[in-house]
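Down below is the structure, laid out as structure tokens.
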């Protein structure tokens, strides 16, 4: 019997969505000031950053379950407004919105979306800077991050590229997405713990920066691996599928060890002096539940995810805000850097909770 009644889960999702589309940065604390004079609002719903890419995807995933036309309308209105503004700079993070747009184009056939999908996917395929050995360099609004690989990239750019490749029948995009998963596993997977490091640089002799096993970065992996296996419909005997599942299983074993008694994970997974972080907890819950449902990993991991679901619900306040969500986090050179990241409501936190509760509801059917 589900410990969380489905009506309560749906009610919580409705609160989360309402809060998401009404988020505003009232103080200006979370604005990005670019050298060219632009100001990027990473928090409010009307901006264009990876934060909104995940926000849109969370709404889309719930639309897929419910068919609620209002949800599709929220997504379409967001794209209409951003495109009317003329778009934005292409980088690893701004690419994130195109995962949702590809699904919306597939659903609606709105031809005005096609040039955007084509142009941005071609950029990711051919013009996005690469590191040594062909990894996607994590170039953002603020910095090129020369020769750096971040685990965030798999969700923000690789997933959109794979989906557009499938949608537009461009096998080269799909092959490139597969390669990126392999390259990122090679340099970011920590064989000692089964967790992932936040980043790797090929400079300074090559290193993993602070060796931070950062929670939200790990959660992108927990989400992206089941998503890419399903999206590409990888066969059970496919060596890439086997490698991805082995990598996910190792991570889930570690996550089981590091989960707190209350069901959360800490922002530095293996550091008890770091705060508990809700967006990562939601991301882990979603990825584990989906991987169990798809029979990618053992069914006994569902207990870990159910414990996390209970924690996520407790973290949603009466206004629908997911509390204890850490702000967008750059690459840290020290572990203390991660411990000092402020907590604030963000579109991605809301969306990751929506995704987790939506996946939970699928398990109640």
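The values are calculated or read from the model by the stated rules, or taken from the named source; none is laboratory data. Predicted model, so just to flag it, every value in this text is computed and none were measured. Because the Cβ atoms are built from the backbone with ideal geometry, glycine has one as well, and the counts that use them run over all protein chains shown.
For the range 180-209, what are the residues that are part of a loop (DSSP other than H, G, I, E, B) and either touching a strand residue (DSSP E or B) at 6+ places or on another chain (Cβ under 9 Å) or at positive phi (or both)? Reasoning before the result, please.
The first filter runs over the range 180-209 and keeps only residues part of a loop (DSSP other than H, G, I, E, B), leaving 190-195, 197-198, 202-206, 208-209.
The answer is 190, 194, 195, 197, 198, 202, 203, 204, 205, 206, 208, 209.
Looking at residue 328, is it under 23 Å from residue 53 (Cβ atoms), touching a helix residue (DSSP H, G or I) at 6+ places or on another chain (Cβ under 9 Å) and part of a loop (DSSP other than H, G, I, E, B)?
So residue 328 fits the description; yes.
Let me confirm something: among 224, 254, 250, which residue is assigned to a helix (DSSP H, G or I), touching a helix residue (DSSP H, G or I) at 6+ places or on another chain (Cβ under 6 Å) and either free of Cβ contacts under 8 Å to residues at least 60 places away in the same chain or within 28 Å of residue 276 (Cβ to Cβ) (or both)?
Among 224, 254, 250, only 224 is assigned to a helix (DSSP H, G or I), touching a helix residue (DSSP H, G or I) at 6+ places or on another chain (Cβ under 6 Å) and either free of Cβ contacts under 8 Å to residues at least 60 places away in the same chain or within 28 Å of residue 276 (Cβ to Cβ) (or both).
Of everything in the range 331-350 that's in contact with a helix residue (DSSP H, G or I) (Cβ under 8 Å, 6 or more places away or on another chain) and in a loop (DSSP other than H, G, I, E, B), which residue is surrounded by the most Cβ atoms within 10 Å (Cβ to Cβ)?
346
Does the range 277-290 contain at least one residue that is assigned to a helix (DSSP H, G or I), over 18 Å from the mean Cα position of the chain (by Cα) and crowded, with 22+ Cβ neighbours inside 10 Å? Write out each step before concluding.
To start, the set of residues in the range 277-290 that are assigned to a helix (DSSP H, G or I) comprises 278-290.
Cutting the leftovers down to over 18 Å from the mean Cα position of the chain (by Cα) gives us none.
Looking for residues that are assigned to a helix (DSSP H, G or I), over 18 Å from the mean Cα position of the chain (by Cα) and crowded, with 22+ Cβ neighbours inside 10 Å, one finds none in the range 277-290, hence no.
Quick check on my filter: what residues within the range 227-247 are outside any helix (DSSP H, G or I) and at negative phi?
234, 235, 236, 237, 238
Could you tell me whether the range 262-276 includes any residue that is crowded, with 20+ Cβ neighbours inside 10 Å, modelled with pLDDT of 95 or more, over 17 Å from the mean Cα position of the chain (by Cα) and in a helix (DSSP H, G or I)?
For the range 262-276, residues crowded, with 20+ Cβ neighbours inside 10 Å, modelled with pLDDT of 95 or more, over 17 Å from the mean Cα position of the chain (by Cα) and in a helix (DSSP H, G or I): absent.
Within the range 121-128, can one find any residue that is in contact with a strand residue (DSSP E or B) (Cβ under 7 Å, 6 or more places away or on another chain), at pLDDT 95 or above and surrounded by 15 or more Cβ atoms within 10 Å (Cβ to Cβ)?
Among the residues of the range 121-128, at least one is in contact with a strand residue (DSSP E or B) (Cβ under 7 Å, 6 or more places away or on another chain), at pLDDT 95 or above and surrounded by 15 or more Cβ atoms within 10 Å (Cβ to Cβ), which makes the answer yes.
Before we move on, is residue 158 under 22 Å from residue 57 (Cα atoms), at pLDDT 95 or above, buried (at least 17 other Cβ atoms within 10 Å of the Cβ) and in contact with a helix residue (DSSP H, G or I) (Cβ under 9 Å, 6 or more places away or on another chain)?
Details: under 22 Å from residue 57 (Cα atoms): yes; at pLDDT 95 or above: yes; buried (at least 17 other Cβ atoms within 10 Å of the Cβ): yes; in contact with a helix residue (DSSP H, G or I) (Cβ under 9 Å, 6 or more places away or on another chain): yes.
When the stated conditions are applied, residue 158 passes them.
Pairs needed: first member in the range 156-169, at positive phi and part of a loop (DSSP other than H, G, I, E, B); second member anywhere, at pLDDT 95 or above and surrounded by fewer than 24 Cβ atoms within 10 Å (Cβ to Cβ); C-beta distance under 8 Å; at least 6 residues apart or different chains.
none
Suppose we filter the range 187-207 for residues that are in contact (Cβ under 8 Å) with a residue 12 or more places away in the chain and either in contact with a helix residue (DSSP H, G or I) (Cβ under 7 Å, 6 or more places away or on another chain) or within 27 Å of residue 254 (Cβ to Cβ) (or both); how many remain?
Within the range 187-207, residues that are in contact (Cβ under 8 Å) with a residue 12 or more places away in the chain and either in contact with a helix residue (DSSP H, G or I) (Cβ under 7 Å, 6 or more places away or on another chain) or within 27 Å of residue 254 (Cβ to Cβ) (or both) number 14.
Specify the residue that is nearest to the chain's Cα centre (by Cα); the eligible residues are those in the range 66-98 that are within 23 Å of residue 154 (Cβ to Cβ) and surrounded by fewer than 18 Cβ atoms within 10 Å (Cβ to Cβ).
90
Consider residue 358 carefully, then state whether it is out of contact with any strand residue (DSSP E or B) (no Cβ under 9 Å at 6 or more places or on another chain), touching a residue at least 24 places away in the same chain (Cβ under 8 Å) and part of a loop (DSSP other than H, G, I, E, B).
Answer is no for this residue.
Every residue in the range 170-179 that is surrounded by fewer than 24 Cβ atoms within 10 Å (Cβ to Cβ) and assigned to a helix (DSSP H, G or I), please.
Narrowing the range 170-179 to residues surrounded by fewer than 24 Cβ atoms within 10 Å (Cβ to Cβ): 170-176, 178-179.
Listed by number, the residues that qualify are 171, 172, 173, 174, 175, 176, 178, 179.
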